[in-house]
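So the structure is just underneath, and the comments pick up after that.
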Amino acid sequence: MTVLERPAVAEVSGPIRTRVRPWRNPWRKPYVLAAITWVYILWSLVPVLVAIQFSFNDGRSRSTWQGFSRQWYCCNEGSVFEDPSMFHSLRNSLILGIATVIVATPLGVALAMGLTRWRSRASAVANGISLVPLVTPEIVVGSALYLVVVNLYQFVPLGRPAMLLGHVTFTVSYVLVIVRSRLLSIGGEYEEAARDLGANSLQAIRTILLPLLMPAVFASAMIVFATSLDDFVVSQFLFGSAENETVPILLYNAVRAAPTPALNALASILLVGSFLALILAYVALRARHRGDDESALETLADWG
């Protein structure tokens, strides 16, 4: 009787795993970059938070905490809403910001629609020129506008008209970039479909295109408002007399004299206004990208 034996099977060893040192692993979590990012955020926010904290100080000191109080905001002598110069500067900033939005937003939307439809070699040049205010140093823009207003456009007086002209000049590019990116993502199919159904060009724009553009238009308007509210350099060149001072100009002039926590309160109000405008812009862009892969923060980073 012959006994058959099973053939020997060679043992197959598993893959040899070598331990990769953490700093050589390209797929590791970016702990170092995350730490640097958080350090930068803290470094940027701590002075702002300290300034906001002392706006609620019970005494006049801006360096020694003396207790919590809201006296520097309202209803006390020397507070923001009781000091005529502070209240007037806050009013000037709000009026100038709203006026800039009213002028720059429709102008930027019209420019975006025109440049999107302009098909020629010169359109690329025009698109590049439209972005010049975004990359030009603000002090260059401010000084150039001052020289133009004083020597060439003498019919525009220094003060609120010149400041409005300057703010519109450098904020219209924000509207142009945001709205034009939205126009390129929409494409021309909706307008063509509306024309096929009997609508003329104006009807297609009014009933089809503008509703699709509204989130981008609203977001760009909020960004224009926040930018105008915070502007100092251009306003400093063009404000003329003290009655046209905005909040940044007042803060710059008063902080070198005898500052009180009321200046911290005024700066905090300006910060809250700008922050709320940016939140509204983010909400509008989030509504625009509902269901899309790109987030609102990525869109803000794209045009910024």
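Miscellaneous remarks
- Selection from region 201-216 of residues that are open to solvent by 80 Å² or more (accessible area, probe 1.4 Å) and either at pLDDT below 80 or touching an Asp or Glu at 6+ places or on another chain (Cβ under 7 Å) (or both): Leu202, Arg206
- Cβ-Cβ under 7 Å pairs, at least 6 apart or on other chains, region 52-68 side in contact (Cβ under 8 Å) with a residue 12 or more places away in the chain and closer than 22 Å to Leu270 by Cα, far side of a type outside the set (A, V, I, L, M) and surrounded by fewer than 12 Cβ atoms within 10 Å (Cβ to Cβ): Phe56/Phe68; Asp58/Gly67; Asp58/Phe68
- Every pair of residues 6+ apart whose Cβ atoms lie under 6 Å, when the first sits in region 235-255 and is hydroxyl-bearing (Ser, Thr, Tyr) while the second is in a helix (DSSP H, G or I): Ser235/Met163; Ser235/Ile249; Thr246/Ser89; Thr246/Asn92; Thr246/Ser93; Thr246/Ser235
- Any hit, region 184-194, residues being in contact (Cβ under 8 Å) with a residue 40 or more places away in the chain, among the β-branched types (Val, Ile, Thr) and surrounded by 14 or more Cβ atoms within 10 Å (Cβ to Cβ): no
- Qualifying positions in region 235-250 - open to solvent by 20 Å² or more (accessible area, probe 1.4 Å) and either at negative phi or modelled with pLDDT of 90 or more (or both): Gln236, Phe237, Phe239, Ser241, Ala242, Glu243, Asn244, Glu245
- Asn253 being farther than 24 Å from Ile102 by Cβ and either in contact with a His (Cβ under 9 Å, 6 or more places away or on another chain) or surrounded by fewer than 17 Cβ atoms within 10 Å (Cβ to Cβ) (or both): yes
- Residues in region 143-157 that are in a helix (DSSP H, G or I) and free of Cβ contacts under 8 Å to residues at least 24 places away in the same chain: Ala144, Leu147, Val148, Val150, Asn151.
- Criterion applied to Ala296, Ala262, Ala257 was being farther than 22 Å from Phe54 by Cα, of a type outside the set (Lys, Arg) and modelled with pLDDT under 85, and the one residue passing it is Ala296.
- Some residue of region 75-93 being farther than 11 Å from Leu266 by Cα, surrounded by 16 or more Cβ atoms within 10 Å (Cβ to Cβ) and within 18 Å of the chain's Cα centre (by Cα): yes
- Residue in region 223-231 that is open to solvent by 60 Å² or more (accessible area, probe 1.4 Å) and either among the polar types (S, T, N, Q) or in a helix (DSSP H, G or I) (or both) present: yes
The values are calculated or read from the model by the stated rules, or taken from the named source; none is laboratory data. Remember, it's a predicted structure, so these values are computed and weren't measured experimentally. FYI the Cβ positions are ideal-geometry reconstructions off the backbone, even for glycines, and counts take in every protein chain you see. With ligands, DNA and RNA removed, areas are computed over all heavy atoms of the protein, side chains included. Shrake-Rupley method; radii C 1.70, N 1.55, O 1.52, S 1.80 Å.
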